[in-house]
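The values are calculated or read from the model by the stated rules, or taken from the named source; none is laboratory data. This one's a predicted model, so the numbers in the text were calculated from it and none came from an experiment. Please note: Cβ atoms are built from the backbone with ideal geometry, for glycine as well, and neighbour counts cover all protein chains shown. The area values use the complete protein model at the heavy-atom level, side chains included, leaving out ligands, DNA and RNA. Shrake-Rupley method; radii C 1.70, N 1.55, O 1.52, S 1.80 Å.
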Amino acid sequence: MAAANAAARAGAEVVLVDGEPTLGGQYYRGTPQRVDPAVEHLAESAVWAMEGLRLHIRTGAADSPHRTGTVVDADAVVLATGAHDRVVPFPGWDLPGVYTAGAAQTLAKSQGIAVGARVVVSGTGPFLLPVAESLVKVGARVLGVCEANSGTGWLRHPRAANPGKMAELAHYAGMLLKLRVPLWRKTAVVAAHGTDRVTAVTIARLNPDWTIRATRRIEVDAVCVGHGFTPRLELAVAAGCALKDGFVAVDERGATSVPGVYAAGEITGIGGADLAAAEGEVAGAAAAGSESTKSLTGARRFAAALADAHPIKPGWQTWLTPETLVCRCEEVTYQALCAATDLDAAGVRTLKLTSRVGLGLCQGRMCGRNATELAATRLDQAFFDEAALHRRPIATPIRLSELAETPLEPQEDP
Amino acid sequence: MKVTIDGVEHTVEPGQTVAGALLRLGRISWRTTRNADRPRGVFCGIGVCFDCLVEVNGVPDVRACQRLLVDGDAVGTS
């Protein structure tokens, strides 16, 4: 939205391709948003492929065969595809009643639904706090928020102090106190129990490397888990954008390594809604051949400090049992992954083909990072090819009938 | 709006997703996996994991968390 507004203000003709039915993305869900009236808003639309600066789009109800296809040739494209929750696997994480933190947030905000009556939130990062708040608002009892890290990593970054952001975090901390939701630091849900749905979880006190120090069991009817975020990079990778440290590499104007392709928001580094909007404004202006005066330095420094305070520590790998699923779609267990790794795993591609990990419906979006980290530990060497994890030339699933009737060239309005 | 879920008629509000309607009915899983026959429902809630698939108006493999219900929809779970 910020990029579209900035580009429109700079005089460009702007099309906003939006995956959601209403403006606002994942963050402003349920709170109506507006864009510059000059922006053409294509709601419920998915860019399923990108060839150079040509976008192939389907518009209509999700996964319906009756969506309409359009092709847009752009002079510049700003990618702002966002991120989804990363969840590290643990025994029972595939049971119904285990949700990502983002799912709990979305169901609460847009559907008014509490995913359970007795809920534990677990993972790492500041996002867990607003999730707990949303859950309480829709009537769930949040028994506690498990933060796997100590949360004091901040103190090592005095220069990251950002009054606005600190106030926001303090607001959530105060909110938890007021709602009587305990924040359990250095703690994690390390197993979910139940036969056909979750009925209890094992909560562990963790060492700094996330190995288990001691455990206790509590009864719940839902668990919400989030270990940071995975950027949605398929379009950026399809466009040929260079990556750096797992994100799209951009300069100070949001330009990627590909001429005409800009990037903003979580795909350039996890930083939250405010930073994403600021980056969008900068990239949108640049894409329209203008320049924004917005400075991103302070907000970026704060985001980096936040990321530093909430790392994913390798001890999570000790939570798994041989039967724990690594890949939910193809139902590949940790044991099977190890066997495949021992047999032949020269890279992401061979690992997929020998174990079937990441070959299912989600195409490795949920498990890709976890599986490659497990395999790297097993082999005692990194074989992490960032782009290989996100190479999905068809960025979002479309039906074969849609592919058959899809226009290949832009069509003039009749 | 009126929709049917597994042949039973229900009244839903505009803006409800298929997943939202199922969860409101107290159903937390509505599909089983191909290999181990394990139950699945919503996991990611934002269209990424494909755990929540349902059939809508005879078309299979529709993400329940992404699909907004419209009047007259017929939802089937496997």
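Some notes on this structure:
- Scan of the stretch A:120-137 for residues that are of a type outside the set (A, V, I, L, M, F, W, C) and not in a loop (DSSP other than H, G, I, E, B), ordered by number: A:SER122, A:GLY123, A:THR124, A:PRO130, A:GLU133, A:SER134, A:LYS137
- Summed over the stretch B:31-44, residues that are within 9 Å of chain A (Cβ to nearest Cβ) and in contact with a strand residue (DSSP E or B) (Cβ under 7 Å, 6 or more places away or on another chain) total 7.
- The one condition in (1) part of a strand (DSSP E or B); (2) open to solvent by 50 Å² or more (accessible area, probe 1.4 Å); (3) over 18 Å from A:GLU147 (Cα atoms) that A:ARG197 fails to fulfil: (1)
- Condition met for A:THR333 (under 30 Å from A:ARG205 (Cβ atoms), within 22 Å of the chain's Cα centre (by Cα) and without any contact (Cβ under 8 Å) to a residue 40 or more places away in the chain): no
- The listed residue being more than 30 Å from A:LEU320 (Cβ to Cβ), touching a Phe, Trp or Tyr at 6+ places or on another chain (Cβ under 7 Å) and of a type in the set (A, V, I, L, M), out of A:ALA273, A:ALA249: A:ALA273
- Those residues of the stretch A:14-52 which are hydroxyl-bearing (Ser, Thr, Tyr) and under 20 Å from B:ARG63 (Cα atoms), in sequence order: A:THR22, A:SER45
- Screening B:GLU55, B:GLU13 for residues that are assigned to a strand (DSSP E or B), more than 7 Å from every other protein chain (Cβ to nearest Cβ) and at negative phi leaves exactly one candidate, B:GLU55.
- Any hit, the stretch A:23-43, residues being closer than 18 Å to A:ALA7 by Cβ, open to solvent by 50 Å² or more (accessible area, probe 1.4 Å) and among the basic types (Lys, Arg): yes
- Only one of the listed residues (A:ASP245, A:ASP221, A:ASP251, A:ASP209) is surrounded by fewer than 24 Cβ atoms within 10 Å (Cβ to Cβ) and either on the phi > 0 side of the Ramachandran plot or aromatic (Phe, Trp, Tyr) (or both). That residue is A:ASP245.
- Of everything in the stretch A:78-112 that is closer than 19 Å to A:PHE229 by Cα, polar (S, T, N, Q) and more than 7 Å from every other protein chain (Cβ to nearest Cβ), the residue that is surrounded by the fewest Cβ atoms within 10 Å (Cβ to Cβ) is A:THR81.
- Exactly one residue out of A:GLY228, A:GLY240 is out of contact with any Gly (no Cβ under 8 Å at 6 or more places or on another chain) and open to solvent by 10 Å² or more (accessible area, probe 1.4 Å), and it is A:GLY240.
- The condition of being surrounded by fewer than 17 Cβ atoms within 10 Å (Cβ to Cβ), at pLDDT below 90 and not assigned by TED's automatic domain parsing to the domain that holds A:ILE212 does not hold for A:LEU351.
- When A:VAL120 is tested against the conditions (1) within 14 Å of chain B (Cβ to nearest Cβ); (2) farther than 24 Å from B:ASP61 by Cα, the lone failure is (1).
- Restricting A:ALA340, A:ALA382, A:ALA346, A:ALA376 to those that are surrounded by fewer than 22 Cβ atoms within 10 Å (Cβ to Cβ) and assigned to a helix (DSSP H, G or I) reduces the list to A:ALA376.
- Wholly within the stretch A:1-119, strands (runs of 3 or more DSSP E) carrying at least 1 residues that are over 23 Å from the mean Cα position of the chain (by Cα): A:15-17, A:40-42, A:45-51, A:54-59, A:68-73
- Verdict on A:LYS294 being surrounded by fewer than 21 Cβ atoms within 10 Å (Cβ to Cβ) and either β-branched (Val, Ile, Thr) or in contact with a Phe, Trp or Tyr (Cβ under 7 Å, 6 or more places away or on another chain) (or both): no
Yes/no per residue for (1) crowded, with 18+ Cβ neighbours inside 10 Å; (2) under 18 Å from A:TYR99 (Cα atoms); (3) at pLDDT below 95:
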| site | (1), (2), (3) |
| --- | --- |
| B:ARG27 | no, yes, no |
| B:CYS44 | yes, yes, no |
| B:ASP71 | no, no, no |
| B:SER78 | no, no, yes |
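- Residue within the stretch A:266-275 that is open to solvent by less than 30 Å² (accessible area, probe 1.4 Å), assigned to a loop (DSSP other than H, G, I, E, B) and more than 19 Å from A:VAL121 (Cα to Cα) present: yes
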